[in-house]
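Down below is the structure, laid out as structure tokens.
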Amino acid sequence: MNEYEIIIIGSGMGGLVCGNLLAKEGYNVCVLEKNKQLGGCLQTFARDKVIFDSSVHYIGGLEKGQNLYQLFRYLGLMDKLKLQRVEGDFDRIIISGDSNEYPFAQGYDNFIKKLSAYFPGEEDAIKTYCEKIREVCNKFPLYNLETGGSADEKQSVFDLGAKTFIESLTQEKKLQAVLAGNNILYAGEGDETPFYVHALIENSYIESSWKCIDGASQISKLLAGNIRSKGGTIMRNTEVTRIITDNGRISFVQLSDGRKLFAKQFVSNLHPAKTIELTEPNIFRQVYTQRIRSLKDTVSCFIINIVLKKDSFKYFSHNYYYHKEGYLWNQVDYTENNWPLGYALFITPSSRHTVYANAITIFTYMRYEEVQKWENTFNTSSHEQSRGDDYELFKQQKAEKLINLVCEKFSSLKDCIQNYYTASPLSLRDYLGNTNGSLYGIAKDYKEPLKTFISPNTKIPNLYLTGQNLNLHGILGAGISGIVAATAVTGNDDIIKKIKHA
Ligand SMILES: Cc1cc2nc3c(=O)[nH]c(=O)nc-3n(C[C@H](O)[C@H](O)[C@H](O)COP(=O)(O)OP(=O)(O)OC[C@H]3O[C@@H](n4cnc5c(N)ncnc54)[C@H](O)[C@@H]3O)c2cc1C
């Protein structure tokens, strides 16, 4: 009766890594993806023949021996990926009313040296900040591809807030604003974000920063190819609408076209609340269901993808993070009048254009409530539906406001724009399959660290979870969630040892 040993619902980074690891262990894997394109946040698309990344613009930890390098090497990706190492600084922080571009350089010594030059007398604070990042990262064995480690050790860093810690380092407000200046990377909010989230992400980019030439979808294509080459199956345009149990175990998944697919074990790459929604009522304990449903998701965003006029805007590999002075940890609480309070700006490298950029992506926070009046529409490339002229006008007005703000810093940009395309929280919702277009899934809260802890094991013995909601978002975080889920399925740590020694 079982057609497959493992069915994975969703082909995001977590699902594909989990599928790869299990296929390498000899399991017969089948991945089901609702979209035409695989990869979730790894999807790319083209406008005016220019490639855009839908989400992922840079990746850390890919230098020889580093964590993501080891995983990608074990999965046979390192020789095949078209990567560009970011030159020098990976990020530059810019703040309104200040012409400085504060550099975040790769390598801890460089990081300290370059930033200290802007903050005379603050070198010790910057050093302490870097030491703390490394100390925190060492408390997470899997982040270092190690097994074991005690929960108590992690506990000691779980309840440290990012804002509190950064403010404790120095009285210098500008340095505080710079150290947390790229907090849109993890949707940092003052009263909630734990320092460990900040540390695990910053460390990865300080260690080494990389961009995918011609887009990040190459990662999902290679991962899918690996599964197929091991005899596995990848089904696109295949949406799971129900997860059906029999005698306390998952028996099959029902697809939107009515088909049923059977397997011995199931891994869901969906948001845990979505996974619960697809199962029959009362399959999970009420306390678990209530806890998951009560968790807050990170905010959504508004994205502008700009096609640039030929040879008009010089390429640079670093990213920019801007915020209005005084709005560091509360950019999500914008009003209609002061939006946007910050933005991130990225350029994806192209194999065809190296001196000049052919595209720029800018994103800023946008709360779901702003687009709620169009929430009954659904629009993806395989299910096209107009959301209406008023929605297009709304997006155009927002885009112009954001472009005007960006042009305060990049004054020549306006004349370089050939065309632009926008995405709203509804685009993220429809392409990623979550309920509110959340940027990074469940928001972590240092005041309630255990509440947001999601185990790969569920009460149903043959249903496992993977994806960014498990431990950490990002390509590294979701990749590690794939390891966590594969380890839960196999019931031992061997896979981690194999990755470490690949
Ligand atoms: C705007 C943005 C920018 C980002 N930038 C970066 C960056 O520069 N670097 C970085 O490292 N990280 C970045 N991230 C974060 C990172 O991309 C994500 O954390 C990570 O890719 C999420 O992986 P995941 O495994 O959780 O799955 P997801 O990417 O969420 O994929 C889930 C998949 O499941 C599918 N699915 C959903 N429901 C169903 C269903 N019912 N049936 C079948 N399939 C279904 C979806 O279509 C999707 O393909 C960014 C995220 C966003 C949104």
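The values are calculated or read from the model by the stated rules, or taken from the named source; none is laboratory data. Computed from a prediction, not measured in an experiment: that's the story for all the values here. Every residue, glycine among them, receives a Cβ derived from its backbone with ideal geometry; neighbour counts consider all protein chains shown.
Scan the range 360-389 residue by residue and report those that are in contact with a strand residue (DSSP E or B) (Cβ under 8 Å, 6 or more places away or on another chain) and assigned to a loop (DSSP other than H, G, I, E, B). If the condition is that a residue be in contact with a strand residue (DSSP E or B) (Cβ under 8 Å, 6 or more places away or on another chain) and assigned to a loop (DSSP other than H, G, I, E, B), then Arg367, Ser381 are the ones that fit. Close Cβ contacts (under 7 Å, 6 or more residues apart or on different chains) running from residues in the range 236-253 that are farther than 19 Å from Lys36 by Cα to residues that are assigned to a loop (DSSP other than H, G, I, E, B) and polar (S, T, N, Q) comprise Arg249/Asn462; Ile250/Asn462.
When the range 39-48 is examined, which residues are found to be more than 7 Å from the ligand (Cβ to nearest atom) and either surrounded by 22 or more Cβ atoms within 10 Å (Cβ to Cβ) or modelled with pLDDT under 95 (or both)? Listed by number, the list holds a single entry, Gln43.
Would you confirm, using the coordinates I've provided, whether Glu336 is assigned to a loop (DSSP other than H, G, I, E, B), touching a residue at least 12 places away in the same chain (Cβ under 8 Å), at negative phi and not basic (Lys, Arg)? No.
The helices (runs of 4 or more DSSP H) falling completely within the range 194-305 that include 2 or more residues that are more than 23 Å from Asn434 (Cβ to Cβ) map to 195-207, 217-229. When the range 457-487 is limited to residues that are of a type in the set (Ser, Thr, Tyr) and under 22 Å from Thr245 (Cβ atoms), the one that is farthest from the ligand (Cβ to nearest atom) turns out to be Thr458.
Yes or no, residue by residue, for (1) small (Gly, Ala, Ser); (2) at pLDDT 95 or above; (3) farther than 23 Å from Arg134 by Cα:
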residue: Ala180; (1), (2), (3): yes, yes, no
residue: Trp210; (1), (2), (3): no, yes, no
residue: Gln218; (1), (2), (3): no, yes, yes
residue: Thr233; (1), (2), (3): no, yes, yes
residue: Thr245; (1), (2), (3): no, yes, yes
residue: Lys264; (1), (2), (3): no, yes, yes
residue: Val267; (1), (2), (3): no, yes, yes
residue: Thr275; (1), (2), (3): no, yes, yes
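Listed by first and then second residue, the pairs linking a residue in the range 104-129 that is closer than 15 Å to Val178 by Cβ to a residue that is among the basic types (Lys, Arg) and surrounded by fewer than 17 Cβ atoms within 10 Å (Cβ to Cβ), with Cβ atoms under 7 Å apart and 6 or more places separating them unless they lie on different chains, are Ile112/Lys127. Going through (1) surrounded by 18 or more Cβ atoms within 10 Å (Cβ to Cβ); (2) among the polar types (S, T, N, Q); (3) without any contact (Cβ under 8 Å) to a residue 12 or more places away in the chain one by one, Asn492 falls short only on (1). Here Thr435 meets the list (1) without any contact (Cβ under 8 Å) to a residue 12 or more places away in the chain; (2) in contact with a His (Cβ under 9 Å, 6 or more places away or on another chain) almost entirely, failing just condition (1).
The condition (being within 26 Å of the chain's Cα centre (by Cα), of a type in the set (S, T, N, Q) and more than 22 Å from Ile243 (Cα to Cα)) is satisfied by just one residue among Ser351, Ser294, Ser312, Ser268: Ser351.
Scanning the range 150-189 for residues that are within 26 Å of Phe453 (Cα to Cα) and not charged (D, E, K, R) yields a total of 20.
Taken residue by residue, the range 184-193 has no member that is closer than 17 Å to Leu142 by Cα, among the small types (Gly, Ala, Ser) and within 17 Å of the chain's Cα centre (by Cα).
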